[in-house]
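Chemist: Here's a structure for you.
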Amino acid sequence: MNFTKMHGCGNDYIFINCIDQNVPDRSELSKRVSDRHFGIGSDGLICICPSEIADFKMDMYNADGSNAQICGNGIRCLGKFVREKGLCNKDIIDIETRAGVKRLWLNIEDGKVNTVRVSMGSPNFKASDVPVVSDQEEFTDVPLEVAGNKWIVSAVSVGNPHAVTFVQNVDWLDLHEIGPEFENHPLFPERVNTEFIQIIDENTIKMRVWERGSGETLACGSGSCAAVAVAAHTGRTADRVKVLLLGGELLIEWNRDENIIYMTGPAEHVFDGTFIL
């Protein structure tokens, strides 16, 4: 099986062209290739497939083999993959995901895709849609006890479920202890991605993230969108925010007139290889 390893701000995935290759049991394969000791090493697996409603389809799996609706960093890398591997010659492409069709604008420099802007859709604060178990219509700034501490938590869906909480200093957090408690909290029946946010100023936040099925990652595109949606929705920031992540920076813009969140960030090729199935 031929593969390509890519990353967006350090959030790394194994990409497989499933248009030309047949890949059985993608869930189990994701667990194998993601293992950083006995596999290739990644946060998950992304298969590039044909689509009847878009240019391509993104079939994504977390490191634990679970399916995911979307990955913001992964979809930018997918755009770079299909353009630079000659699967398309467009600068604007549509990608089918489990969270709907997303449009990508490819920024080409010297024949290479440098950055990608993605229309990530509308943030959904309705508790039952996230989903979160709550009698409230919106689960916003709600006190929640997790891992022996009380947190102020907001839930939002940007195609996948997120819990966002604001802290004084993200560097002090022991995410390997706290993260699993959030991910598997009974209020979140489909588990949840959790963003821990430190406000720098109205246009800048610092973020660490615990992703369901993968653990702490160096970046999360959908999580950055969720974080800015909550921060702007609650008046903590403006609608255009730079997100500082362990692996780099993303620019997130919430266009209120369209009610669409746009994400812009890098996509990097690491290496190509062959994996024996």
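The values are calculated or read from the model by the stated rules, or taken from the named source; none is laboratory data. The shown structure was predicted, so the numbers you read here are calculated from the model rather than taken from an experiment. As a convention, Cβ positions derive from the backbone with ideal geometry for all residues, glycine included, and neighbour counts pool all protein chains shown. SASA here: full protein model, heavy atoms, side chains in, ligands and nucleic acids out. Shrake-Rupley method; radii C 1.70, N 1.55, O 1.52, S 1.80 Å.
Chemist: Using the Cβ atoms and a cut-off under 15 Å, what net charge is assigned to the surroundings of S122, where Lys and Arg are +1 and Asp and Glu are -1? Each step should come with its number before you reach the end.
Modeler: On the way: positive: K102, R103, K126, R256; negative: D129, E138, D239, E253, D257, E258.
Around S122, the charge tally is -2.
Chemist: Give me the 1.4 Å probe accessible area per residue for the chain, excluding ligands and nucleic acids, in Å².
Modeler: Details: 11610 Å² over 277 residues.
Ligands and nucleic acids excluded, the result is 42 Å² per residue.
Chemist: Still on this structure, please answer the following. Over the Cα atoms, compute the radius of gyration (one decimal) and Dmax (the largest Cα-Cα distance, rounded to a whole number) for segment 1-142, in Å.
Modeler: 16.3, 53
Chemist: Using alpha carbons only, how many degrees (0 to 90, rounded to 10) separate the axis of helix 72-84 from the longest principal axis of the chain?
Modeler: For 72-84 against the chain, the angle is about 20 degrees.
Chemist: For segment 158-186 and segment 83-131, compute the distance between their C-alpha centroids and round to whole Å.
Modeler: 25
Chemist: To the nearest 20 Debye, how big is the dipole of segment 65-215 about its Cα centre, given +1 on the beta carbon of each Lys and Arg and -1 on that of each Asp and Glu?
Modeler: My answer is approximately 800 debye.
Chemist: How do 77-85, 216-224, 36-44 rank on mean C-beta neighbours within 10 Å, highest first?
Modeler: Per-residue Cβ counts within 10 Å, averaged per peptide and sorted highest first, yield 216-224, 77-85, 36-44.
Chemist: Right, another one. Taking the Cα centre as origin and putting +1 on Lys and Arg beta-carbons and -1 on Asp and Glu beta-carbons, what dipole magnitude results for the chain, to the nearest 20 debye? List each step's numbers first, then the result.
Modeler: Numbers: 26 positive and 40 negative charges, 105 e Å.
So the magnitude is around 500 debye.
Chemist: Using only Cα positions of segment 24-82, each an equal point scatterer, no hydration layer, compute I(q)/I(0) via Debye at q = 0.12, 0.13, 0.18, 0.21 Å⁻¹ and quote the log10 values to two decimals.
Modeler: Result of the Debye calculation: -0.28, -0.33, -0.61, -0.80.
Chemist: Follow-up. Cα centroid distance between segment 42-82 and segment 255-277, in Å?
Modeler: 9
Chemist: Also: Just from its helices, what would the mean residue ellipticity at 222 nm be for the chain, if runs of 4 or more DSSP H residues each count -39500 (n - 2.57) and the sum is divided by every residue, rounded to the nearest 500 deg cm²/dmol?
Modeler: It comes out at -5000 deg cm²/dmol, rounded to the nearest 500.
Chemist: Let me ask you something else. Between segment 1-26 and segment 139-156, what is the C-alpha centre distance in whole Å?
Modeler: Between the Cα centres of segment 1-26 and segment 139-156 lies a distance of 35 Å.
Chemist: Also, I was wondering about something else. Residues of segment 202-223 with the amide nitrogen closer than 16 Å to a label point 7 Å from the Cα of E249, along Cα-to-Cβ, please.
Modeler: Those under the cut-off are 202-207.
Chemist: Stretch N149-L173 to full length: gain in nm at 0.36 nm per residue minus the Cα-Cα span? Please report the intermediate quantities before stating the final value.
Modeler: Working: separation 24, 0.36 × 24 = 8.64 nm, distance 1.19 nm.
Contour length minus Cα-Cα distance gives 7.4 nm.
Chemist: Toward the positive end of the charge dipole of segment 61-220, about the Cα centre and with charges on Cβ (Lys, Arg +1; Asp, Glu -1), which of I197, V158, F81 goes farthest?
Modeler: F81
Chemist: Quick one: length gained pulling N259 to D135 fully straight, 0.36 nm per residue minus the C-alpha distance?
Modeler: Values: separation 124, 0.36 × 124 = 44.64 nm, distance 2.51 nm.
Length gained between N259 and D135: 42.1 nm.
Chemist: Something else now. How much of the accessible area of the chain, probe 1.4 Å, is carbon plus sulfur, in whole percent?
Modeler: On the chain, the fraction of accessible area on carbon and sulfur atoms equals 45 percent.
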